[in-house]
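Some notes on the structure that comes next.
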Amino acid sequence: MESFYVTTPIYYVNARPHLGHAYSTIVADSLVRMHKLLGKEAFFVTGSDEHGDKIVQAAEKNNLPVKDFVDGISGEFRSLWPELGIENFRFCRTTDAAHEKIVQEMLQKVYDAGDIYFGEFSGHYCYGCERFYTEKELEDGCCPQHKTKPELISEKNYFFRMSKYLPWLKEYIETHPDFIRPDRYRAEALGMLEAGALEDLCISRPKTRLTWGIDLPFDTKYVCYVWFDALLTYISGLGGPQSQDFARYWPGEHLVAKDILKPHAIFWPVMLKSLGLPLYEHLNVHGYWLSKDTKMSKSLGNIVEPRAMMQTYGQDAFRYYLLREMHFGSDANFSEETMVTRINSDLANDLGNLFSRVLSMTAKYFSSIVPKPAAKLEQDKAIVDLCVQSMQNYVQLMQVIRSAEALEALWELVRALNKYVDSEAPWALFKAKEMERLGTVMYVLLASMRKIAICLWPVMPKASTLMLGQLGQKADEHTAPVKTIMDEITCFGGLDAGTTLAEKSNIFPRIQR
Ligand code: MSP
């Protein structure tokens, strides 16, 4: 069986999960489910990034011992995901003993290869980013991300010979056009490499300044830099480079937002190269969820609570909105108004209405039993063709994480089916007692609706299961509804005449505001 592996960022536990974290993790879940629908074995790694200054400072602010503090927030991340219908993940903590062991092994390996050296260093340290900035990188003397003045720190540290690999990396990115996607982020990464501002990476922190980290195996007076530690979760989550899962699942896909492009586009490939490990497949970079055109962040007090949204609008509608509204790579504005509009138009009006009309008509005309189709007319064949086309586009776009366009492609079919109901007017056929023709029309509708419900499993697992249940199909939200969706694309039908259906459907009620 083919395999598929993807990761989310390993989230900092200095603050509780918000919409931005939920989005990346929902994308990972939908991707894994899509690949399961393609018949693959698939899962993702997510987790919590728990070392470093930032975490220690947050624990102090909350008057808690660091360990208690990280246990609490890490637990909140882990328990939130299933509430959002997110499954098939391994949750890794950077404080897990197994992870710490792998980080130490990897550090030793890089050290033995001669890629780590000891040196004196003075630099501008930003606590928010947990890293040093060079003069050239600062904007008006401030950190470009946090707009705060970094602290000038001078100390002896260990350095990773990153600069040695940069010409190789530049060539690799140039010759592998979709290594970093969408393209604008590839261009940004190349820009970083061309600017010449990158130096060797400081990968240690002296214990005189920070003890909350993983000991360097070759000098226990130092702990490991938090990014060097956290990035390795992507392979420790598989059990490390010697494990069976690593052989089976690596290289995988990474999902991140643009805030952490640099460590993923520059540090991580170079680390893998130095370790002699294959590079990841693609770095998939998304934009920010904004609130009134400003990035959501705890410090600005404009964060959206995913749990509250899900409780108000439902798990499926919330997932649908996020995956439909954000064009992967670009920023998107979050507002409850746009969410309600989206839910009412796409889910209640288009999809919900289709299910409700077609099921109640089948109840009335055929006692909720799927009729046998007779010969298809041109308009029926057009629907069958569109069904194949929409599904093909949908599956292809979902795989390259363009869920907004993928759903748009599927909605072409949903809208066409509603129009087909209007133009074929089953009520008129019934009145005219044209039962054979009526049976064909209802069959074309029902069989297409089954395909749509299958397609939607990665996006709305619960609703997909409910829709399939109403169409008399055995389904559960945790298991892919078919062995492989490719077989469903190539053959229309798949719904047996004689199947008993639900008499009515109200899966997506309109939201009144
Ligand atoms: N700990 C590092 C990642 C280490 S990965 C080896 C980190 N953590 S974080 O908690 O700050 O998470 C950043 C990620 O959260 C982003 O890359 C993105 O996936 C998600 N988001 C946080 N805020 C976001 C938005 N406002 N919009 C979209 N996603 C954002 O960085």
> Based on DSSP H runs of at least 4 residues, each adding -39500 (n - 2.57), what is the mean residue ellipticity at 222 nm of the chain after dividing by all its residues, to the nearest 500 deg cm²/dmol?
Replying inline: -14000 deg cm²/dmol
> Antiparallel DSSP bridges in the chain: what percent, to the nearest 5?
Replying inline: 50 percent
> If ligands, DNA and RNA are left out, what is the accessible area of Met391 with a 1.4 Å probe, given in Å² to the nearest 10?
Replying inline: 0 Å²
> Do any cysteines in the chain lack another Cys Cβ under 4.7 Å, and if so which?
Replying inline: Cys92, Cys142, Cys202, Cys224, Cys387, Cys455, Cys491
> Per residue, how much accessible area does the stretch 105-177 show when a 1.4 Å probe rolls over the protein heavy atoms, in square angstrom?
Replying inline: 55 Å²
> Tell me, how many Å apart are the Cα centres for the stretch 323-356 and for the stretch 405-453?
Replying inline: 22 Å
> Under a 1.4 angstrom probe, counting protein chains only, how are Ser204, Ser299, Ser356 ranked by accessible area, largest first?
Replying inline: Ser299, Ser356, Ser204
> Got the relative contact order for the stretch 214-344 handy, in percent, Cα pairs under 8 Å and 6 or more residues apart?
Replying inline: 19 percent
> Given H placed 1.01 Å from N in the peptide plane, which residues other than close sequence neighbours of Glu41 have an amide H under 5 Å from its amide H?
Replying inline: Glu2, Ser3, Phe4
>> If I take R0 = 45 Å and measure r between the Cβ atoms of Glu436 and Ser3 in this structure, what FRET efficiency does the formula 1/(1 + (r/R0)^6) give, to the nearest 0.05?
In response: 0.40
> At 25 °C and 0.890 mPa s, what whole-number value in µm²/s does Stokes-Einstein give for the translational diffusion of the stretch 91-138, with Rh from the Kirkwood sum over Cα pairs?
Replying inline: 181 µm²/s
> Where only protein heavy atoms count, and the probe is 1.4 Å, what is the accessible area per residue for the stretch 320-363 in Å²?
Replying inline: 29 Å²
>> At R0 = 41 Å, how high is the FRET efficiency between Lys504 and Asp183 if r is their beta carbon distance? Nearest 0.05 is fine.
In response: 0.30
>> Given a 1.4 angstrom probe, what's the average accessible area per residue across the stretch 18-82, in square angstrom?
In response: 30 Å²
> How far, in degrees from 0 to 90, does helix 19-37 lean away from the longest principal axis of the Cα atoms of the chain, to the nearest 10?
Replying inline: 60 degrees
> Of the heavy-atom accessible surface of the stretch 127-230 (probe 1.4 angstrom), what whole percent is carbon and sulfur?
Replying inline: 51 percent
>> Just to confirm the number: angle between the C-alpha axis of helix 97-112 and the first principal axis of the chain, 0 to 90 degrees, nearest 10?
In response: 50 degrees
> Relative to the longest principal Cα axis of the chain, at what angle does helix 378-399 sit, 0 to 90 degrees, rounded to 10?
Replying inline: 10 degrees
> What is the chain's relative contact order, in percent, from Cα pairs under 8 angstrom and six or more apart in sequence?
Replying inline: 16 percent
>> Considering just Cα atoms, how many Å³ per residue does the convex hull of the stretch 351-398 enclose?
In response: 107 Å³
> Taking the simple approach of a point 7 Å from Cα along Cα-to-Cβ for both His478 and Ser297, what is their distance in nm?
Replying inline: 4.0 nm
> Scaled to the compact-protein estimate 2.2 N^0.38 Å, what is the alpha-carbon radius of gyration of the stretch 1-49, rounded to two decimal places?
Replying inline: 1.26
> Can you give the FRET efficiency for Phe218 and Gln242, using 1/(1 + (r/R0)^6), R0 = 30 Å, r = Cβ-Cβ distance, to the nearest 0.05?
Replying inline: 0.90
> Stretch Thr490-Lys164 to full length: gain in nm at 0.36 nm per residue minus the Cα-Cα span?
Replying inline: 112.3 nm
> Three principal axis extents, largest first, for the C-alpha atoms of the chain, in Å?
Replying inline: 90, 44, 39
>> To check my understanding: the extent here is largest minus smallest coordinate of the Cα atoms along each principal axis. What are those three numbers for the stretch 382-495, in Å, largest first?
In response: 47, 27, 22
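The values are calculated or read from the model by the stated rules, or taken from the named source; none is laboratory data. None of these values were measured; they are calculated from a predicted model. Note that we place each Cβ from the backbone using ideal geometry, even for glycine, and neighbour counts take in every protein chain shown. With ligands, DNA and RNA removed, areas are computed over all heavy atoms of the protein, side chains included. Shrake-Rupley method; radii C 1.70, N 1.55, O 1.52, S 1.80 Å.
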